[in-house]
Number of protein chains: 2
Amino acid sequence: MNVAVLLFEDFETLDVFGPVEIFGRLKDHYKVSFFSESGGMVKNAHGISILTGNIEDIKNGVDIFLIPGGHGTRIEVNNTVLIDKLRTICQLSKYVLTVCTGSALLARTGLIDGKKATSNKKAFDWVITQGEKVNWIRKARWTRDDKFYTSAGVSAGMDMTLGFLRDIHGPEFARKTAFEIEYNWIENMEEDNFFRQER
Amino acid sequence: MNVAVLLFEDFETLDVFGPVEIFGRLKDHYKVSFFSESGGMVKNAHGISILTGNIEDIKNGVDIFLIPGGHGTRIEVNNTVLIDKLRTICQLSKYVLTVCTGSALLARTGLIDGKKATSNKKAFDWVITQGEKVNWIRKARWTRDDKFYTSAGVSAGMDMTLGFLRDIHGPEFARKTAFEIEYNWIENMEEDNFFRQER
């Protein structure tokens, strides 16, 4: 399956590269590529400059579309040109996975109205304003509803990705992958050690 | 403090970007930059192309020098030009951190002869052949000996980096950082769930 990762200025490093580590090493099953609104180099605040293709190239959808979070989402939620393109890509993709505040971008498309979703705990009160009809789950490591997977903050993207592998390939495959990267996988999507009450 | 990250063809994604996530977000304390033997774009097998400076620019050492692992280390251990440069940089740097098979490159410099070090569990039997005088610790999440920190495989780089923060800034600072990225930090460097006996 093709995994297309959306990048934008000031994406969160681990939101992207946690899942990419997992999908990227499973070469018999997944091929990872990076895309951005205009293509070319995309930078973030952690000193990373990474080469991307133009999202026009995936306008007909992909197998797995991954939307990370980061401070950049605060700007991109108001980028209606990008949100319109994301809506089409998400509609036409087989699976959509978001990490952290990436769920704010997905919520803006309207595609998860009435569906379960979660996000970064620190940014939760902002994220929920981006989709008032979404069934936001405050206490979750990740959620799945239909073809949409959403994870809590940053590191939780790895647990969700391993959960996705379990759904596709079974639990032993997912556990073996976690073991190879020496990752202490939280297997239960409801086990959330970072839950915060509403402010 | 300046954090210089070594990249080479076929570096392991999360070895790099786990620690970079942690250092990168602490902008009041750390600044992350990427370097490679010749500078320019460096690719890996997970589809990532990232822009780097030339390691000549850090020949006088840095505050923190981070050496990741990955399949690329199997080639670079025999790159005597690179190993000679690494030896100088490591000697002149305040701290040297390795992740996964990055400790094989460090071992090749001879600088950790007689010192404690660990590595990826799956590659351990190969890594130890790269430094027969190193005090290899098979059961460890990470090790510290003098200015040298070495971690076990892939994800363990994050636990080590948080352990480094604890040594520099105290335990509350490290825990707060782990909490912000919603990471279930293994605080005990001897707690190793991925230990394997010698083959």
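The values are calculated or read from the model by the stated rules, or taken from the named source; none is laboratory data. Because the structure is a prediction, the values reported are computed rather than measured. Virtual Cβ from ideal backbone geometry, glycine too; neighbours counted across all protein chains shown. Accessible surface is based on the protein model in full, side chains and every heavy atom, while ligands, DNA and RNA are left aside. Shrake-Rupley method; radii C 1.70, N 1.55, O 1.52, S 1.80 Å.
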Practice item. On the protein heavy atoms, probe 1.4 angstrom, tell me the percent of accessible surface of the range A:68-196 carried by carbon and sulfur. Key: 48 percent
Point to revise | Between the range B:1-68 and the range A:1-78, the Cα center-to-center distance that results, in Å | key: 19 Å
Check your understanding: Non-local amide H neighbours of A:VAL32 (under 5 Å, H modeled in plane, Pro and chain starts lacking H): which ones?
Key -> A:VAL3
Practice item. Among B:SER151, B:SER93, B:SER119, determine the one that fluctuates most according to a GNM of chain B built with springs between C-alpha atoms less than 10 Å apart. Key: B:SER93
Review point. If you place +1 on the Cβ of every Lys and Arg, -1 on the Cβ of every Asp and Glu, and leave all else neutral, what size is the dipole of the range B:23-74 about its Cα centre, to the nearest 20 Debye?
Key: 200 debye
Review point. According to the square roots a ≥ b ≥ c of the eigenvalues of the Cα gyration tensor, what is the shape class of the range B:1-56, taking rounded for a/c under 1.5, prolate for a/b larger than b/c otherwise, and oblate for the remainder?
Key: oblate
Practice item. Label the range B:34-115 by shape, choosing from rounded, prolate and oblate, from the square roots a ≥ b ≥ c of the eigenvalues of the Cα gyration tensor; if a/c is under 1.5 it is rounded, and otherwise prolate applies when a/b is larger than b/c, oblate when it is not. Key: oblate
Practice item. Specify whether the C-alpha gyration tensor of chain B places it in the rounded, prolate or oblate class, a ≥ b ≥ c being the square roots of the eigenvalues: rounded for a/c under 1.5, otherwise prolate if a/b is larger than b/c and oblate if not. Key: rounded
Check your understanding: When chain A is modelled as a GNM with alpha-carbon springs shorter than 10 Å, which of A:TYR149, A:TYR183, A:TYR95 fluctuates the most?
Key -> A:TYR183
Point to revise | DSSP bridge orientation in chain A - percent antiparallel, rounded to nearest 5 | key: 30 percent
Point to revise | DSSP beta bridge pairing in the protein assembly as shown, given as percent antiparallel to the nearest 5 | key: 30 percent
Exercise for review: Post the alpha-carbon centroid distance, the range B:88-131 to the range A:89-155, in whole angstrom.
Suggested key: 41 Å
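List the accessible area buried at the contact between A and B, summed over both sides and calculated with a 1.4 Å probe, in Å² to the nearest 100.
3400 Å²
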Review point. Okay, helix-only estimate at 222 nm for chain A: each DSSP H run of n ≥ 4 adds -39500 (n - 2.57), divide by all residues, round to 500 deg cm²/dmol; what do you get?
Key: -9500 deg cm²/dmol
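Using only C-alpha atoms and all pairs of different ones, pull out the Kirkwood radius for the protein assembly as shown in Å with one decimal.
Computed over the protein assembly as shown, the radius equals 21.0 Å.
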Revision key, fill the gap. The lysines whose Cα lies under 23 Å from the Cα of A:LYS116, excluding any fewer than 8 residues away in the same chain, are A:LYS85, A:LYS94, A:LYS133, A:LYS139, A:LYS147
Revision key, fill the gap. Under a Gaussian network model of chain B whose springs join Cα atoms within less than 10 Å, the largest fluctuation of B:LYS59, B:LYS133, B:LYS176 belongs to B:LYS176
Practice item. Would you kindly work out, in nm and rounded to one decimal, the distances from the label point of B:GLY61 to those of the same position in each other copy, ordered shortest first, with label points 7 Å along Cα-to-Cβ? Key: 5.8
Point to revise | For the range B:76-181, projected area of the alpha-carbon convex hull averaged over all directions, nm² | key: 6.7 nm²
**Study point:** At R0 = 30 Å, FRET efficiency that the Cβ-Cβ distance of A:THR129 and B:SER38 yields, to 0.05
**Key:** 0.05
Check your understanding: Can you give the charge dipole size of the range B:28-167 about its Cα centre, rounded to the nearest 20 debye, using +1 on the beta carbon of Lys and Arg and -1 on the beta carbon of Asp and Glu?
Key -> 420 debye
Study note, to complete from the structure: B:ASP84 and B:LYS116 label points (each 7 Å along its Cα→Cβ direction) are spaced in nm at 3.4 nm
Check your understanding: With r defined as the distance between the Cβ atoms of A:HIS29 and B:ASP146 and R0 fixed at 41 Å, what FRET efficiency is calculated, to the nearest 0.05?
Key -> 0.45
Review point. What gaps in nm, shortest first, separate A:ARG138 from its twins in the other copies when you place the label 7 Å past Cα toward the beta carbon?
Key: 4.9
**Study point:** Estimated dipole of the protein assembly as shown in Debye, rounded to 20 [Cβ of Lys and Arg +1, of Asp and Glu -1, Cα centre]
**Key:** 220 debye
Practice item. Every other copy gets compared here: list the nm distances from the A:THR80 label point (7 Å along Cα to Cβ) to its counterparts, shortest first, one decimal. Key: 6.6
Check your understanding: Which Cβ of chain B lies nearest the axis of the rotation superposing B onto A, and at what whole-Å distance?
Key -> B:PHE17, 2
